[in-house]
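*Asks:* What follows is a single structure, and I will ask about it in a moment.
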Amino acid sequence: MVNEKIQIVCESENIRIDAYLSEALNDLSRNYIQKLITGGHVTLNGEVLNSKKIKVSMDDFIEIHIPEPELLSIKAESIPLEIVYEDDDLMIINKPQGMVVHPAPGNYTGTLVNALMAFTEKLSSINGVIRPGIVHRIDKDTSGLLMVAKNNKAHECLAAQLKDKSTVRVYYAIVNGVVKSDSGTIDKPLGRHPKDRKKIAIVPDGREAVTHYEVLERFKYHTLVKLKLETGRTHQIRVHMASIGYPLLGDPVYGVKSERVKYEGQALHAKIIGFEHPTTHEMMIFESDLPEYFTKLLNKCRSL
């Protein structure tokens, strides 16, 4: 019996299917994906795969079937949520730093999904049982605003807006170094690191990734920047800023080893989110205050 089915239209060319899926579904390890393929749980254009070495082509249709044992331990949990907005179609959640968005193999508790399941039974089912209502994600150590769909119609509408780049997503970040330019655009393709699959890197054949940045305040050793996303790739802001010499303060993966302000977990907050409402078609904009951890870091940077 299968309890979750994930459907993907391929956006890459001439790459092994296990490598492509580990990039597209970054919450599942490549090893786990390979086991799904060898276990007959992945189909390519309707045909069950018999090899993890098969290469995908643009617009290939892939279905991944997650077996029931991976889902049995997912339970509703009474975890406090900051709900910024809610109606019959959607919710806007202000996610705290340190909370994982949805369960993944080896991590089935304490996530935003566990909290949502305790709060409401009305969540979209498009992304399956592991990710009910989840339209997009932000990293565990990134705080801020997140859209949640309460039905499939709303989910499809919001996902379409993310795909056509019509949503508004603005982040605030504290970076190491004093950014010289008042503003700029980083347009560099992203994909899995060729040697370390847990990391994202700038790669020639990666997926399009565009980040616009603007300096808000300069300190002696750091800079507060506002970042507007055109695309929403995994670790996009973290990798892009590191690529121009200004890694995020506290970033344990792409940051600097020795920092003047000690902090664990990147200083990144999803401050503004905007979209067209799925039913009313009204343009909606939500803005959150900077959380306490972020303002404390700002004060430390100012005091140096």
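The values are calculated or read from the model by the stated rules, or taken from the named source; none is laboratory data. From a predicted model like this one, the values you see are computed outputs, not experimental measurements. Glycine also receives a Cβ, built like all others from the backbone with ideal geometry; neighbour counts cover every protein chain displayed.
*Asks:* Given segment 130-228, what strands (runs of 3 or more DSSP E) lie entirely inside it while holding 3 or more residues that are touching a Lys or Arg at 6+ places or on another chain (Cβ under 8 Å)?
*Replies:* Those strands (runs of 3 or more DSSP E) span 143-149, 168-176, 190-192, 200-202, 210-218.
*Asks:* Something else: Among the residues of segment 245-295, which ones are under 17 Å from ILE174 (Cβ atoms), more than 21 Å from the chain's Cα centre (by Cα) and touching a residue at least 40 places away in the same chain (Cβ under 8 Å)?
*Replies:* GLY245, VAL256, GLU259, ARG260, VAL261, listed by residue number.
*Asks:* A further question follows. Evaluate segment 139-159: report whether one residue or more is surrounded by fewer than 21 Cβ atoms within 10 Å (Cβ to Cβ), of a type in the set (Gly, Ala, Ser) and over 25 Å from VAL215 (Cα atoms).
*Replies:* Looking for residues that are surrounded by fewer than 21 Cβ atoms within 10 Å (Cβ to Cβ), of a type in the set (Gly, Ala, Ser) and over 25 Å from VAL215 (Cα atoms), one finds at least one in segment 139-159, hence yes.
*Asks:* Return the residue satisfying two criteria in turn: it lies in segment 167-208 and is small (Gly, Ala, Ser) and modelled with pLDDT of 95 or more, and of such residues it is farthest from LEU224 (Cα to Cα).
*Replies:* Residue satisfying both the conditions and the ranking: GLY184.
*Asks:* Looking only at segment 258-287, count how many residues are loosely packed, with under 11 Cβ neighbours inside 10 Å and closer than 28 Å to LEU224 by Cα.
*Replies:* Final tally of qualifying residues: 4.
*Asks:* Separate question: Could you count how many residues in segment 204-225 are surrounded by fewer than 17 Cβ atoms within 10 Å (Cβ to Cβ), within 25 Å of THR167 (Cβ to Cβ) and over 17 Å from the mean Cα position of the chain (by Cα)?
*Replies:* Counting residues in segment 204-225 that are surrounded by fewer than 17 Cβ atoms within 10 Å (Cβ to Cβ), within 25 Å of THR167 (Cβ to Cβ) and over 17 Å from the mean Cα position of the chain (by Cα) gives 3.
*Asks:* Determine whether GLY255 is among the small types (Gly, Ala, Ser) and in contact with a strand residue (DSSP E or B) (Cβ under 9 Å, 6 or more places away or on another chain).
*Replies:* yes
*Asks:* Suppose the filter is surrounded by fewer than 22 Cβ atoms within 10 Å (Cβ to Cβ) and closer than 20 Å to GLY144 by Cβ; does GLY245 pass it?
*Replies:* No; evaluated as a whole, the condition is false for this residue.
*Asks:* Identify the single condition in (1) in a strand (DSSP E or B); (2) of a type in the set (A, V, I, L, M, F, W, C); (3) crowded, with 22+ Cβ neighbours inside 10 Å that VAL239 does not satisfy, given that it satisfies every other one.
*Replies:* (1)
*Asks:* If you go through segment 252-289, how many residues are within 30 Å of LYS220 (Cβ to Cβ), of a type in the set (Asp, Glu) and not in a loop (DSSP other than H, G, I, E, B)?
*Replies:* Qualifying residue count for the region: 1.
*Asks:* Scan segment 242-251 for residues that are part of a loop (DSSP other than H, G, I, E, B) and not β-branched (Val, Ile, Thr) and report the count.
*Replies:* Residues meeting the conditions: 6.
*Asks:* What do you reckon, is ASP89 farther than 22 Å from LEU268 by Cβ, of a type in the set (Asp, Glu) and in contact with a helix residue (DSSP H, G or I) (Cβ under 7 Å, 6 or more places away or on another chain)?
*Replies:* So ASP89 passes the test.
*Asks:* Given the options VAL225, VAL261, name the one that is under 25 Å from LEU290 (Cα atoms) and at pLDDT 95 or above.
*Replies:* VAL225
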